[in-house]
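Novice: Right, I'll just put the structure down here and ask away after.
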Amino acid sequence: MSTITTEIFNQKLLEVVLAHNKEFAKGLMEYNHNQTFFEITNNSEHGDLTTNFAMMHAKSLRMNPIKLAEILVNGFEKDKKELFIKDIKIAGPGFLNLYLDESFWHQTLGYMKSNLVDYGFENIGNGSKVNVEYVSANPTGPLHIGHCRGAIIGDVIASLYDKMGFDVTREYYVNDAGGQIEQLVYSVESKYREKASINSNEKDVTYNGQYINDIASELFEKYQDSLFKKTNHNIIIKDCAINYILNLIKQDLNKVNIKHDIFFSEASLLANDAISKTIEYLKGKKYIYWGKLPLPKNQEDINLEQREQDIFASTMFGDDIDRAVSKEDGSHTYFASDIAYHQNKLSRGFSKLINIWGADHAGYVKRLQGAVSALSDGQAGVEVVLCQLVKLFRDNKPVKMSKRNNDYVTIGEVVNEVGSDPVRFMMLYRKSDAPLDFDFVKVCDKSKENPVFYVQYAYARIHSVIRNWNDENNYDFISNFNNLEIDFNMLNHIQEINLIKKMSYFPALLKNVVVTNDVHRIAYYLYELASDFHALWNLGNDNENMRFITNDDKKTLQRLSFIYLVSQIIERGLDILGVSYPERM
């Protein structure tokens, strides 16, 4: 094999399956072209690499999992020596475990060193256009900490796709039309009336944070009490409010290093009559029909009037029921606006759409995926990442809400207190659809219990070792790293091998995350990698022979090169997450 990485075992597995069943293997390669089948084991008793391929695919091949595993074993047996395999075992109901020679891991490190510039990043996108839409909070107030989680997840997905060869556009959908904007205008108007000593509105206002007062003050400073003499005063209030709030949003996003390429206006869809045109387009394709929706379940006996309306045939795409795209007064539903918006995305040439939404939109996913499939004749798809709520704590006690904004804590307030790095890393340190607790005290703790500190500390420790060696030898190790001839054959301790295993999984991890969008796995991986490094460091405290700098120059250069490669993987991972990697802490 010309390249020594764990990827060669995935290639070999596909070769074995191809020899057994060409059609199945062809379909597998088309469906899973970016997926890896083998994973690094955490327990050496289960081998170095393991796969559950036989259990996952035996049914499709109409085989017993053990029988399929035996076919895989026979296929690998032919190339055991070439693949550095010491032993192959079938475990349990069909796990395939590979036990590898230590020289495989030494050569893996050599491959990393020789390919360090691009290690981990593979051009699997080939320039295909991907639209990642994230945040998209209504511009009716500053971003609260709940928005922060989706913002960071979307930003990291976009960063990863960019590094893996996709042409990425980062987008924010500005919901600047509809009832909530009308309520925003009404709230600002009421505060303006108060400042201008004009008779106040009679209804209660919806929005009452400090920012409403600030917008009203800006308007009053410019117009004094003459605003209502202008026939377009509602438009003036709306434009002023949305611009002011969008500026607040951008400022808070900037504090966590989040940028967007496009802020797309929902109002522009109305101005261009895009919604009506999209509805007519889908009517022509028989995906929207004029009819009545069934009554809600358990309400069949209630005297409810069923009315005719435009309905999208969402059940054709796996949804529970069809979905209305028009209201009783003939206006369009929010869903209709979303269909038109995604048609606009498709018209801009995106082959893949990724949306980051709050978990409360879970019931909305199927209908949107159906709409995108209908619009593109099944040629494009939308993947939706759902984000659960964030709860704030201070030393295990719930945080009281903001006095300035009445009912929420803004992103800016959190970042100002703890910094961007802890916010970004910890928002990623749980699967997106699981609730997340964010503790102001714990994220600043300098201990193993604080993941972001532990990962950054591993990086800083490595650079500290290298600086110390440089000072003793009057040498610049990093500048000369590429020219060093290192074979790594003296790294044979079990903890060294385990750390190399973990490092070798980095490229497969990134490819898997592109498939799943589970960016939390990168944060987990970095914490585990840092933990393995710290364990190796601590081993040197008790065993002089395991220190990175020894009396043996050859061993020292191997170990310095080894840990420098660890630092480079940490650096790449943190860079994807948008977290800094300080060389001194």
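The values are calculated or read from the model by the stated rules, or taken from the named source; none is laboratory data. Computed from a prediction, not measured in an experiment: that's the story for all the values here. Positions of Cβ are backbone-derived with ideal geometry, glycine not excepted, and every protein chain shown enters the neighbour counts.
Novice: Quick one: count up the residues across region 149-202 that are touching a strand residue (DSSP E or B) at 6+ places or on another chain (Cβ under 7 Å), assigned to a helix (DSSP H, G or I) and not acidic (Asp, Glu).
Specialist: 7
Novice: Restricting region 529-548 to residues that are surrounded by fewer than 17 Cβ atoms within 10 Å (Cβ to Cβ) and among the acidic types (Asp, Glu), which is nearest to residue 456 (Cα to Cα)?
Specialist: 542
Novice: Right, here's the next one. Look at region 510-529 and say how many of its residues are part of a helix (DSSP H, G or I) and closer than 23 Å to residue 448 by Cα.
Specialist: Summing the residues that are part of a helix (DSSP H, G or I) and closer than 23 Å to residue 448 by Cα in region 510-529 gives 10.
Novice: Out of (1) assigned to a loop (DSSP other than H, G, I, E, B); (2) of a type in the set (A, V, I, L, M, F, W, C); (3) touching a residue at least 12 places away in the same chain (Cβ under 8 Å); (4) more than 30 Å from residue 334 (Cβ to Cβ), what's the single condition that is false for residue 90?
Specialist: Checking residue 90 against (1) assigned to a loop (DSSP other than H, G, I, E, B); (2) of a type in the set (A, V, I, L, M, F, W, C); (3) touching a residue at least 12 places away in the same chain (Cβ under 8 Å); (4) more than 30 Å from residue 334 (Cβ to Cβ), the one that fails is (1).
Novice: Can you name every residue in region 224-245 that is modelled with pLDDT of 95 or more and among the aromatic types (Phe, Trp, Tyr)?
Specialist: Listed by number, the list holds a single entry, 244.
Novice: Out of 168, 156, report the one residue that is farther than 26 Å from residue 360 by Cβ and either under 16 Å from the mean Cα position of the chain (by Cα) or not aromatic (Phe, Trp, Tyr) (or both). Talk me through it step by step, then tell me what you get.
Specialist: Working: 156 fails: farther than 26 Å from residue 360 by Cβ.
Answer to the check: 168.
Novice: Follow-up question, since we're still on this one. Checking residue 447 against (1) buried (at least 21 other Cβ atoms within 10 Å of the Cβ); (2) of a type outside the set (Asp, Glu); (3) outside any helix (DSSP H, G or I), which test does it fail?
Specialist: Unmet for residue 447, out of (1) buried (at least 21 other Cβ atoms within 10 Å of the Cβ); (2) of a type outside the set (Asp, Glu); (3) outside any helix (DSSP H, G or I): (1).
Let's see how each residue does on (1) out of contact with any Ser or Thr (no Cβ under 7 Å at 6 or more places or on another chain); (2) surrounded by fewer than 20 Cβ atoms within 10 Å (Cβ to Cβ):
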| residue | (1), (2) |
| --- | --- |
| 55 | yes, yes |
| 58 | yes, yes |
| 72 | yes, no |
| 81 | yes, yes |
| 84 | no, no |
| 94 | yes, no |
| 104 | yes, no |
| 148 | yes, no |
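Novice: Count, please, the residues in region 196-217 that happen to be crowded, with 16+ Cβ neighbours inside 10 Å and among the charged types (D, E, K, R).
Specialist: Matching residues across region 196-217 total 0.
Novice: Pull up region 372-388, narrow it to residues that are part of a strand (DSSP E or B) and surrounded by fewer than 20 Cβ atoms within 10 Å (Cβ to Cβ), then point me to the one that is farthest from the chain's Cα centre (by Cα).
Specialist: If we filter region 372-388 for residues that are part of a strand (DSSP E or B), which is where we start, we get 381-387.
After this cut, where a residue has to be surrounded by fewer than 20 Cβ atoms within 10 Å (Cβ to Cβ) as well, the list is 381, 383-384, 386.
On the way: 381: 17, 383: 12, 384: 11, 386: 10 Å.
For region 372-388, the residue satisfying everything is 381.
Novice: Another one. Within region 390-411, can one find any residue that is closer than 22 Å to residue 574 by Cα and out of contact with any Leu (no Cβ under 8 Å at 6 or more places or on another chain)?
Specialist: Checked region 390-411: no residue is closer than 22 Å to residue 574 by Cα and out of contact with any Leu (no Cβ under 8 Å at 6 or more places or on another chain).
Novice: Being in contact with a Leu (Cβ under 8 Å, 6 or more places away or on another chain) and of a type in the set (Gly, Ala, Ser): is that true of residue 523 here? Let's see the steps before the verdict.
Specialist: Details: in contact with a Leu (Cβ under 8 Å, 6 or more places away or on another chain): yes; of a type in the set (Gly, Ala, Ser): yes.
So residue 523 fits the description; yes.
Novice: In region 487-501, how many residues are in a helix (DSSP H, G or I) and surrounded by fewer than 21 Cβ atoms within 10 Å (Cβ to Cβ)?
Specialist: Number of matching residues: 4.
Novice: Quick one: would you say residue 119 is closer than 30 Å to residue 412 by Cα, within 32 Å of the chain's Cα centre (by Cα) and in contact (Cβ under 8 Å) with a residue 40 or more places away in the chain?
Specialist: no
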